[in-house]
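Working notes, structure below.
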Amino acid sequence: ATPAATMVGTAIGARNGVLFKGGDILERVKDVESVVFDKTGTLTKGEMTLTDVVAVGPAADGAGVVTGDEALGEAGVLRYAAAAERDSEHPLARAIVAGAEARDIDFPEADDFENVPGHGVRATVEGKTVLVGTRDLLSDDGIDPSPVEDTLQSLESDGKTAMLVAVGGELVGVVADADEIKPSAADAVAALQSRGVSVHMITGDNERTARAVAEAVGIDPDNVRAEVLPEDKADAVESLQADGKRVMMVGDGVNDAPALATAFVGTALGSGTDVAIEAADVTLMRDDPLDVVKAIRISEATLTKIK
Ligand code: ADP
Ligand code: MG
C-alpha cells in the first residue's frame, strides 16, 4: 500500500476504535487465517460474580469429608476463602471477597499469602493453611479433591469457574464464580468462520467450563485449549503457527502478553492490562470481539481499493 493508503486505513481504524501500531500491521491483518481468543475478559466480560458456596462434611451431606469437630457450613467456607483471597488481584478472588462482603460475612486477615499462578492461592488464616483453587492445588498438597467431583462438574457444565477450599489440610467446600459472555461474541465467531477464518479459544480455566463457553459462542470443541498455564500460552500459539498458519491472538491479560507477542498479529483489548497493550500490534478500544472482524475488513479495504 502507498503511504497515503496506509494513513487513510489507520485513520478509519482509529475512528472505529481499532488502533493499528503502524502501516505494516495494517497490511498484515488481512492475511490472518486463524483467530485465537482468550476466554476470560475477551469473550466474556471478565466481571466475575460469586454464585455458589457449597460446604462439604457431615453437616452438609453426611459424606464424612470433614474429619474435624464440625463442618464449617457455607458461611464458614466463604469466610476462609475470602480471608485467603483478600490480597489477590485476580478477578476470581475479587468476586469471592465481594461476595463475602455482600453476605455480611466478617472475615479475618490472612497472616501470610501466596499466589500459585494458574492454580489459586495459599494463605495462613488463624494459624491454619487455607487453599483456594484448582483440583491440582489441593492434590499437590496431599488433599483428595474427589469427594466434590460431582459438585465441580455440575458447576463447570454451567460455564462457572469452581474452586475448591481446604482449611488445615481438609477439604471443606467449593465456591464458584460466573462471568457473562459478551453479547457480540457469538456473532464475531460466526462472522470469522464465514470468512474461512478458523476460530480457537485458549484459557487457564478448566476444560469443562471452557467447553461450555465455547459451545455458547460457536467455537468447535476441538479448537479449545484449556488449563493452559500462563507461561504456556505463547507455546500454544506457536504450535498453531508451526505449520505456517498466520495466527491472530486476542487477549487482555498480563498472562496473554507473551502469546500476543508471539502471534503473527497480537490484538489487545483497550481495557486490558498495559502489558498486553504494549505487547500487541492492534488494540480494540471498544473491547468488542466483533471489532476483530472490523480490523480485518479495514485491512482488506485499504489494500484493495488504493493500490
Ligand atoms: P484465566 O486464564 O482464566 O485468567 P488463570 O491462569 O489465572 O486463568 O487461572 C487458572 C485457574 O486457576 C482458574 O480458573 C482458577 O481455577 C485457578 N485460580 C487462579 N487464580 C486463583 C485465585 N486467586 N483463587 C482461586 N483460584 C484461582
Ligand atoms: Mg483474559
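The values are calculated or read from the model by the stated rules, or taken from the named source; none is laboratory data. Bear in mind that the values here come from a model prediction, so they are computed numbers and not experimental data. For neighbour counting, all protein chains shown are included, and Cβ atoms are generated from backbone atoms with ideal geometry for every residue, glycine included.
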Among (1) β-branched (Val, Ile, Thr); (2) within 10 Å of ligand 1 (Cβ to nearest atom); (3) touching a Gly at 6+ places or on another chain (Cβ under 8 Å), there is one condition THR203 misses while meeting the rest; what is its number?
(3)
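This table checks each residue for (1) at pLDDT below 95; (2) within 16 Å of ligand 2 (Cβ to nearest atom); (3) over 15 Å from ARG86 (Cβ atoms).
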| site | (1), (2), (3) |
| --- | --- |
| PRO117 | yes, yes, yes |
| GLY120 | no, no, no |
| VAL130 | no, no, no |
| LEU137 | no, no, yes |
| PRO145 | no, no, yes |
Which residue is nearest to VAL293 (Cα to Cα), if the candidates are limited to segment 187-209 and must be within 15 Å of ligand 2 (Cβ to nearest atom), touching a residue at least 60 places away in the same chain (Cβ under 8 Å) and not in a loop (DSSP other than H, G, I, E, B)?
HIS200
Given (1) in a helix (DSSP H, G or I); (2) more than 30 Å from VAL130 (Cβ to Cβ); (3) within 16 Å of ligand 2 (Cβ to nearest atom), index of the condition SER239 fails:
(3)
Give me the residue from segment 161-183 that is in a loop (DSSP other than H, G, I, E, B) and within 15 Å of ASP38 (Cα to Cα) and, out of that set, nearest to the chain's Cα centre (by Cα).
ASP179
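With respect to ALA212, determine if the residue is in the same structural domain as VAL197 (by TED's automatic domain parsing), in a helix (DSSP H, G or I) and either more than 15 Å from ligand 1 (Cβ to nearest atom) or surrounded by 15 or more Cβ atoms within 10 Å (Cβ to Cβ) (or both).
On the way: in the same structural domain as VAL197 (by TED's automatic domain parsing): yes; in a helix (DSSP H, G or I): yes; either more than 15 Å from ligand 1 (Cβ to nearest atom) or surrounded by 15 or more Cβ atoms within 10 Å (Cβ to Cβ) (or both): yes.
So ALA212 passes the test.
What about THR40, is it farther than 15 Å from GLY168 by Cα, assigned to a helix (DSSP H, G or I) and modelled with pLDDT of 90 or more?
Numbers: farther than 15 Å from GLY168 by Cα: yes; assigned to a helix (DSSP H, G or I): yes; modelled with pLDDT of 90 or more: yes.
Judged against the criteria, THR40 is a match.
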Neighbours by Cβ (under 7 Å, 6+ apart or cross-chain): first from segment 230-257, farther than 16 Å from GLU278 by Cα; second of a type in the set (Asp, Glu) and crowded, with 24+ Cβ neighbours inside 10 Å:
LYS233/ASP256
Selection within segment 66-83 - of a type in the set (A, V, I, L, M, F, W, C), surrounded by 17 or more Cβ atoms within 10 Å (Cβ to Cβ) and modelled with pLDDT under 95:
VAL66, ALA71, LEU72
Heads up, the helices (runs of 4 or more DSSP H) in segment 244-307 (entirely inside) with at least 2 residues that are among the polar types (S, T, N, Q) and more than 17 Å from VAL199 (Cα to Cα) are 290-305
